[in-house]
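Data first, discussion second: the structure below is written as structure tokens.
The values are calculated or read from the model by the stated rules, or taken from the named source; none is laboratory data. Since we're looking at a predicted model, the values are computed, not measured. Neighbour counts run over all protein chains shown; Cβ positions are idealised from the backbone, glycine included.
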Amino acid sequence: MAHSGNPRVPVSSDEVRWAYRLFLGREPECEAVVAEKLACADLRQLCDVFLASAEFREGLRMRTGRRGSLPLNVPGLAVDTEGTREQLAGSLRKIRAAWSHLGAAEPHFSVLTQREYLSGQRDGELKAFWESGERDVWVLERILERHGMVGLSGATCVEYGCGVGRVALALAAKCAQVHAYDISPTHLGQARARAAQLAAANVRFHETTERLPDALEPCDLFYSRIVFQHNPPILIAELIRTALRSLRPGAIAVFQVPTYISGYRFEAQRWLEADHAFEMQAHCLPQWKVFRLIEECAGIVLEVREDDAVGRGDSLSNVFVVRRKPGGGAE
């Protein structure tokens, strides 16, 4: 792969593909990302692009163990996992107020907390933001393929916590229909504008108010990542319950939720009575509760995988892959 001498020698498409294999351990998700990296002036710049990528850094943390895998003897957490109807409504009001503010102040940074997505960034940096949604969908497709769901062309998909449409619009390019939910009207306004710009007619955005819907749109696939963790545990539990009930028979849900944060405790009423700044909060729902909700909603656990979505060494975050039992899904 080495070039030498001056002037610089542009990279080839084969060299870009090898860089994906060497740095990220995978094939490129599409030809468009290969073409984009052909703009690198030489191999050194190509390597610098991969070394600086969030995907490479996350993979490095996982390989070197710097994520801080928790020992088996950690203490249990004192967490309220169920709330009254009034407590759920109060939680939704607080979360809605915070995320409406964040959507107005930092619409892209509040979705992906990387400095390059702060307000006032260049178009090229936002291009990477939208492409990250395509990458997430590429990973999602690989997960689904492991469980026999090959291709999304005829599928109806629900995403909860769509933000400005980063993943929802990437899904819309693959699915027959996408229903995207969010609690922040300011985020949804930008998502609708982006969808109109792309002429994405098969995505519908839904605003969650102070009352969760009894059910989401019936679907073949439910997806949510880096969303549940910003809600209090009583609300996470209700969101999982609502999501799983939206699945048609045999349909699959892929969702991420933190299941342990060292020293974390949650008392629903105390949290509701406290004043909170308009900021992102980190919450978790114990793993035993997630399994109980899956069983309650006629789900079958296909996979549970650790991820680094919380970005803290004292926490545990899991991606759950769940199939709804035949005969037990949404109508």
### Query
Are any of the residues in segment 58-66 at pLDDT below 75, under 27 Å from ARG312 (Cα atoms) and of a type in the set (Val, Ile, Thr)?
yes
### Message
Checking the conditions here, which among CYS175, CYS162 is within 19 Å of LEU216 (Cβ to Cβ), of a type outside the set (A, V, I, L, M), in contact with a Ser or Thr (Cβ under 8 Å, 6 or more places away or on another chain) and surrounded by 15 or more Cβ atoms within 10 Å (Cβ to Cβ)?
### Response
CYS175
### Query
If we keep just the residues of segment 257-286 that are among the polar types (S, T, N, Q) and under 13 Å from PHE228 (Cβ atoms), which is modelled with the highest pLDDT?
THR259
#### Entry: Test for GLU82: is it outside any loop (DSSP other than H, G, I, E, B) and charged (D, E, K, R)
no
### Selection within segment 73-115 - touching a Pro at 6+ places or on another chain (Cβ under 6 Å) and of a type in the set (Val, Ile, Thr)
VAL79, THR81
### Query
Got a sec? Which of ARG241, ARG270, ARG204 is free of Cβ contacts under 8 Å to residues at least 60 places away in the same chain, in a strand (DSSP E or B) and surrounded by fewer than 18 Cβ atoms within 10 Å (Cβ to Cβ)?
ARG204
#### Entry: Residues of segment 28-55 classified as modelled with pLDDT of 85 or more, of a type in the set (D, E, K, R) and in contact with a helix residue (DSSP H, G or I) (Cβ under 7 Å, 6 or more places away or on another chain), total
1
### Message
With assigned by TED's automatic domain parsing to the domain that holds ASP314, among the β-branched types (Val, Ile, Thr) and within 16 Å of the chain's Cα centre (by Cα) as the only criterion, which of THR208, THR242, THR259 stands out?
### Response
THR259
### Task
Check off (1) modelled with pLDDT of 95 or more; (2) of a type outside the set (A, V, I, L, M); (3) within 22 Å of VAL137 (Cβ to Cβ); (4) touching a Gly at 6+ places or on another chain (Cβ under 9 Å) for PRO249 and give me the number that stays unchecked.
(3)
### Message
One residue is enough: does segment 295-305 have a residue meeting the conditions hydrophobic (A, V, I, L, M, F, W, C), over 23 Å from ALA251 (Cβ atoms), under 21 Å from the mean Cα position of the chain (by Cα) and surrounded by fewer than 19 Cβ atoms within 10 Å (Cβ to Cβ)?
### Response
no
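Table: residues versus (1) hydrophobic (A, V, I, L, M, F, W, C); (2) over 15 Å from SER132 (Cα atoms); (3) assigned by TED's automatic domain parsing to the domain that holds ALA128; (4) touching a strand residue (DSSP E or B) at 6+ places or on another chain (Cβ under 7 Å).
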| site | (1), (2), (3), (4) |
| --- | --- |
| TRP18 | yes, yes, no, no |
| ARG21 | no, yes, no, no |
| LEU24 | yes, no, no, no |
| GLU29 | no, no, no, no |
| ALA32 | yes, no, no, no |
| GLU36 | no, no, no, no |
| CYS40 | yes, yes, no, no |
| GLN45 | no, yes, no, no |
| ASP48 | no, yes, no, no |
### Message
Looking at LEU118, LEU144, can you tell me which residue is among the aliphatic types (A, V, I, L, M), at pLDDT below 95 and either surrounded by fewer than 17 Cβ atoms within 10 Å (Cβ to Cβ) or within 29 Å of PRO249 (Cβ to Cβ) (or both)?
### Response
LEU118
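State all residues of segment 134-190 that are part of a helix (DSSP H, G or I) and within 19 Å of HIS206 (Cα to Cα); if no residue qualifies, say none.
Filtering segment 134-190 for residues part of a helix (DSSP H, G or I) gives 134-146, 168-172, 185-190.
Within segment 134-190, ALA168, LEU169, ALA170, LEU171, ALA172, PRO185, THR186, HIS187, LEU188, GLY189, GLN190 qualify.
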